[in-house]
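Working notes, beginning with the structure itself.
The values are calculated or read from the model by the stated rules, or taken from the named source; none is laboratory data. Not measured: the values here are computed from a predicted model. Cβ placement follows ideal geometry from the backbone for every residue including glycine, while neighbour counts extend to all protein chains displayed.
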Amino acid sequence: MDKPQRKRTSGIIVRRNDWRESSRIVTLCTRDLGVVSALAKGAHRPKSPFLGAIDLLHVVDAKLSIHPLRSLQRLYSADVIQGNRPFRHDRQRRDLAFRLTKNILLAMPEGRPDPPLFDLFRGGLRLLGASPRPKLELISLGIDLRYLQILGVLPPPEVCPLCEKNLPKTGDVGFLAQAGGFIHRHEGGRPISARLPLFARDLLATPGRNLPGFRAPPTLVRDLADLVQELISNL
Ligand SMILES: [Zn+2]
């Protein structure tokens, strides 16, 4: 059972380092194997099969040799299936993509696959790369909410996790990160608009591909984004 096995999986390149003169060590976030570090031998050679494929945030179809007892695996080939071009010359898109990468890696320790989280990562990169610029904050907010939901730390936003009753639709509710987010005003936290948990609920109910068409006032987006960042930094 300790023989290396050939595996094929889609993966996102999240780190790369030079190794000796002509090779590279690549860290891939993969759908089926979790986060994997692998040696790409000869990646710097002019006729390398990896030419142009080993670049941050490329989504690749990867062929690996996995040895269960080793921490460094072998990468045999990588074919780009979703390129990183949108992030190369666009600071805002790149910053959002790197922030997503950081969040995903925090929640996915090496060698522990998490297909829903991988799918969020890949779909998130696609949206951040292709959506109109004025929609990027909203898209990023939608991705972050799903991230918390996949981690299992976000109760349904319209329900108070303390008393399990629905929150009011008007006036104020309370916000308490330690309680998972939105609670009744009289139960503590700091007062925020009752529109915010409803907005979070609506965003979560919207499929990713429809997020770019979702209309919301910028102030609402910003206010909810601040709360969601607080929930993420509280993880
Ligand atoms: Zn309550």
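Scanning the range 121-169 for residues that are part of a helix (DSSP H, G or I), within 25 Å of residue 219 (Cα to Cα) and of a type in the set (A, V, I, L, M, F, W, C) yields 125, 127, 128, 130, 136, 138, 139, 141, 143, 145, 148. Restrict the check to the range 175-196 and report whether at least one residue is touching a helix residue (DSSP H, G or I) at 6+ places or on another chain (Cβ under 9 Å) and closer than 18 Å to residue 100 by Cβ. Within the range 175-196, none of the residues are touching a helix residue (DSSP H, G or I) at 6+ places or on another chain (Cβ under 9 Å) and closer than 18 Å to residue 100 by Cβ.
I need the full set of residues from the range 202-211 which are surrounded by fewer than 17 Cβ atoms within 10 Å (Cβ to Cβ) and either touching a Cys at 6+ places or on another chain (Cβ under 9 Å) or in a helix (DSSP H, G or I) (or both), in order please.
The answer is 202, 204, 205, 208, 209, 210.
Please find, among 109, 86, 46, 115, the residue that is touching a Lys or Arg at 6+ places or on another chain (Cβ under 6 Å) and exposed (fewer than 13 other Cβ atoms within 10 Å of the Cβ). Residue meeting the stated conditions: 115.
Of the residues 156, 116, which single one is within 16 Å of the ligand (Cβ to nearest atom), within 30 Å of residue 35 (Cα to Cα) and in contact (Cβ under 8 Å) with a residue 24 or more places away in the chain?
Numbers: 116 fails: within 16 Å of the ligand (Cβ to nearest atom).
The match here is 156.
Among the residues of the range 27-35, is any among the polar types (S, T, N, Q), without any contact (Cβ under 8 Å) to a residue 60 or more places away in the chain and buried (at least 17 other Cβ atoms within 10 Å of the Cβ)? Yes, because at least one residue in the range 27-35 is among the polar types (S, T, N, Q), without any contact (Cβ under 8 Å) to a residue 60 or more places away in the chain and buried (at least 17 other Cβ atoms within 10 Å of the Cβ).
Taking the range 98-111 as the range and being assigned to a loop (DSSP other than H, G, I, E, B) and either touching a Leu at 6+ places or on another chain (Cβ under 9 Å) or farther than 14 Å from residue 27 by Cβ (or both) as the test, the residues that pass are 108, 111.
Residue by residue, here is whether (1) of a type in the set (A, V, I, L, M); (2) assigned to a strand (DSSP E or B); (3) closer than 28 Å to residue 107 by Cβ holds:
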residue: 7; (1), (2), (3): no, yes, yes
residue: 12; (1), (2), (3): yes, yes, yes
residue: 29; (1), (2), (3): no, yes, yes
residue: 45; (1), (2), (3): no, no, no
residue: 51; (1), (2), (3): yes, no, no
residue: 73; (1), (2), (3): no, yes, yes
residue: 79; (1), (2), (3): no, yes, yes
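In the range 1-18, what residues are modelled with pLDDT under 90 and surrounded by 13 or more Cβ atoms within 10 Å (Cβ to Cβ)? Matches in the range 1-18: 4 only.
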